Structures are given as C-alpha cells and as structure tokens.
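Okay, structure first, notes after.
The values are calculated or read from the model by the stated rules, or taken from the named source; none is laboratory data. Computed from a predicted model, the values in this text were never measured in an experiment. Cβ sites come from the backbone with ideal geometry, for glycine too, and all protein chains shown count toward neighbours. For the accessible areas, the whole protein counts, side chains as well, though only heavy atoms, and no ligand, DNA or RNA atoms are used. Shrake-Rupley method; radii C 1.70, N 1.55, O 1.52, S 1.80 Å.
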Amino acid sequence: WSVFLFKSDDLMLYRSPSGEPATFVAITAPEVVSFSIAPDGSVYCLTTGKIVYKYTGVGNNWNGITGAEVVSFSIAPDGGVYCLTTGNIVYKYLGVGNNWDGIKANVVWISMAPNGTLYALGTDNIFYRYTGSGNAWDAISGAVRSFSVAFDGTVIALQASGDLVRLRPNGSSDLLGR
C-alpha cells in the first residue's frame, strides 16, 4: 500500500511506496493543483496546465487523459471520472486513452456525493442531479448561487434570495438560515 502527500509549497505529489512516512519520493512534475484517489487505488491529478493525468504506478510516469482547460474533476465511488472544463461542459471519462463523453453543457460547478451522485450548478442558476444515463439530468432547484455536498450526502445550497437551505432529492427544501 502507499501513502500520498501533497505539498502546496512546491505543488508536487509524493508517494511512500513502502507505506512508511519517512520515505516519500516525488512522483509528479511540479504544478499539481489537486489530486484524487479512486476506489481501485488509481491516482489522478489536475495540473496548473488544466490537464488531468492518471498515474501509471511506475516511477514518475503519468498519462494525460484530458485535453487542456479542465477546471475541476471528481471521482465516483465506482471509479468513474468526471471533469468540468472552462467551456462550462461536464465530461465523463470513458476509461480508455483520451476518450470522453460530454454529458452536460452550461455548468459552472460540479460536486460528487459519497454515494456517487453527481450534482451540477448551471449557468442558469438551476441545481441539477445527474441520472447516470447519457445526457439526462434532473433539475432539483432554481435560483441557486452555490452549493456543497456534505460527507453524508446532504446538499446545502445558497439561494439567490440569500437563504441557506438543505435540498431534498424531491426538490423540496428546509430553510437553515438567512
């Protein structure tokens, strides 16, 4: 097993091949912005060049799996990889090479719930939930400025009115504060 460490002062990702914290070695080139580990142990990182890379597991070798212009990415519990581009399009990785499927346009933010549900905030301020099939999304709530998914899957949203609400899967909401 391995332990991974991200140092923000040099933007590099380190790995401890033996699992001993004292033996970290750099496994990336500088300029890593964020990284994530899939359930199967695969390691992915996003660089300042706005490209997502997948670690080969050998030395310092990574394969770029996106073109440029990725602003964020999420890993689902089933290992699925989703990314959001500067063009406001959500893509789903098809698992081979640099093959992706565009599944939603006009999105400003995505977040993955622990159960694998992908949520998105549209440029129209509508909050969406991905159905997991093709390009099908359910509109959950309108007039949302931002949102966050908690560790237990609860979705908290800041509405355009300034209200902070808990969003329910059926579209209803509970007021948490103003």
- Note on the structure: Row for the range 32-86, column shape: gyration tensor on C-alpha, a ≥ b ≥ c, rounded if a/c < 1.5 i.e. under 1.5, prolate if a/b over b/c, else oblate; value oblate
- Message: If you average the C-alpha positions of the range 65-98 and of the range 33-55 separately, how far apart do those two centres end up, in angstrom?
- Response: 10
- Message: Limiting things to C-alpha atoms, what are the Rg and the maximum Cα-Cα separation (Dmax) for the range 106-178, in angstroms?
- Response: 11.4, 37
- Message: Once you compute Rg and the Kirkwood Rh from C-alpha atoms, what is the Rg to Rh ratio for the range 42-178?
- Response: 1.01
- Message: Using the basic label-point model (7 angstrom from Cα toward the beta carbon), what is the Asn63 to Leu176 distance in nanometres?
- Response: 4.0
- Which stretch or stretches of the range 119-151 have amide N atoms under 12 Å from the point lying 7 Å from Leu164's Cα along the Cα→Cβ direction? 148
- Query: Expressed as a whole percent, how much of the Cα-Cα distance distribution for the range 30-122 exceeds 24 Å?
  - Reply: 13
- Message: Just to confirm, what accessible area per residue do you get for the range 34-134 at 1.4 Å probe, in whole Å²?
- Response: 45
- Query: Given the Cα-Cα distance of Arg145 and Asn115 and 0.36 nm per residue of separation, how much length would full extension add, in nm?
  - Reply: 8.5 nm
- Item | Of all accessible heavy-atom area on the range 47-178, the percent that carbon and sulfur account for (1.4 Å) | 49
